[in-house]
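The values are calculated or read from the model by the stated rules, or taken from the named source; none is laboratory data. Remember, it's a predicted structure, so these values are computed and weren't measured experimentally. Counting neighbours? That spans all protein chains shown, and the Cβs are built from the backbone with ideal geometry, glycine included. Heads up: the accessible areas ignore ligands, DNA and RNA and are worked out on the full protein's heavy atoms, side chains in. Shrake-Rupley method; radii C 1.70, N 1.55, O 1.52, S 1.80 Å.
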Amino acid sequence: MTLTKRVIPCLDVRDGRVVKGLHFESIRDAGDPVGLAKRYSDEGADELVFLDITASDERRQTIRDLVRSVASVIDIPFTVGGGVKSVEDARNILLSGADKVGINTGAIKNPGVLTELMELFGRQCVVVAIDAKRNFDVSSGKNVFSEDGKKFWFEVFIYGGKQATGIDAIDWAKEACRLGAGEILLTSIDRDGTKDGYDLLLTGNIVESVSVPVIASGGCGSPDHMAEVFAESDADAALAASIFHYETHGVRGVKSHLQKKGIPVRL
């Protein structure tokens, strides 16, 4: 049986409001998280992702009351991330109504927490978020080339894209899965907010390197971009924000378009 591809709206939340930026910067308001969450659930979104984008940078926990409010108006799987550093942080998020926990900075700082989370809550609950950027460096030894022949590698960033780690995204994805990740949420910082399409090379490399589902994120500006990332990289899901928040496209319309393109989706 052919597995359907998932279409996932994302709520990037700061100070209780959904926001959207460009390359993780130039943030602007996009609406009320509870209202948007209900709309996407009603429109047929397969899942919803809620990211408290400043929690790690501000060294605090995710806004649990807001998570509860969002969970109360949806009936689809719900992933929440932001500021997760420990089993206790993850438990609080799950008790607030989330089905899965997203972890990025906390896992880089303490990789062993992934195994703890897997053993306590199950692998299916552990979503490792990887924010990656193409890092041009001819001396890096990474064997990936751009169209103009420059050598680059994909570097992991933490604290909401503010801090480089020197860690290769492909290597980290493999290690995260070995430790307990049940899913990878992969965001291209280079493409974030550009509406120029997903980073197909980054996504394809990660998909080929791991055995768990990969959610492509960063750069979606049209339904064709989703069709492209599904066809070219074989990602399991595509995440988008701008095209849904500003009502450029609705979830139903996007899924209908994908179906017409031959992409298996749940309508």
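In Å², and per residue, what accessible area does the chain have when probed at 1.4 Å with the other protein chains present?
Working: 11350 Å² over 267 residues.
Per residue, the chain has 43 Å² of solvent-accessible surface.
Apply the Karplus curve 6.51 cos²θ - 1.76 cosθ + 1.60, θ = phi - 60°, to the phi angles in the stretch 44-51 and return the couplings in whole Hz, x for Gly and Pro.
Whole-Hz 3J(HN,Hα) from phi for the stretch 44-51: x, 4, 6, 8, 9, 10, 10, 10.
For GLY31, what residues show an amide H to amide H distance below 5 Å, using hydrogens built from the backbone and excluding near sequence neighbours?
Placed amide hydrogens put VAL18 under 5 Å from GLY31.
For GLN163, enumerate residues with amide H under 5 Å from its amide H, sequence gap 5+ or separate chain, H modeled in the peptide plane.
Answer set, sorted by chain and number: ILE158.
Search the structure for amide H atoms under 5 Å from the amide H of ASP12, placed 1.01 Å from N in the peptide plane, and list their residues when 5 or more places away or on another chain.
So ASP12 has HN proximity to VAL19, LEU51.
Kindly identify the stretch 120-232 as rounded, prolate or oblate by the Cα gyration tensor criterion: order the square roots of the eigenvalues as a ≥ b ≥ c, call it rounded if a/c is under 1.5, otherwise compare a/b with b/c, prolate if a/b is larger, else oblate.
Details: a/c = 1.63, a/b = 1.17, b/c = 1.40.
Cα axes put the stretch 120-232 in the oblate bin.
I want the local charge near ASP236. Using Cβ-Cβ distances under 10 Å, sum +1 for each Lys or Arg and -1 for each Asp or Glu among the other residues. Show your work: numbers first, answer last.
Details: positive: LYS5, ARG6; negative: GLU183, ASP234.
Taking every other residue near ASP236 into account, the sum is 0.
So what's the gap between the Cα centers of the stretch 222-267 and the stretch 56-127, to the nearest angstrom?
Going from one Cα centre to the other spans 26 Å.
For the stretch 81-172, state which GluC sites (Glu not before Pro) are in a DSSP loop and have at most 11 other beta carbons lying within 10 Å of their beta carbon. Walk me through the intermediate numbers first.
Values: sites: GLU88, GLU116, GLU119, GLU147, GLU155; in loops: GLU147.
Of the GluC sites (Glu not before Pro), the ones in loops of the stretch 81-172 whose Cβ has at most 11 other Cβ atoms within 10 Å are GLU147.
What is the stretch 66-182's relative contact order, in percent, from Cα pairs under 8 angstrom and six or more apart in sequence? Mind showing how you got there, number by number?
Numbers: 192 pairs, mean separation 24.9, N = 117.
The normalised contact order for the stretch 66-182 reaches 21 percent.
Share of the chain's accessible area from carbon and sulfur, percent, 1.4 Å?
Values: 5360 of 11350 Å².
Carbon plus sulfur share of accessible area: 47 percent.
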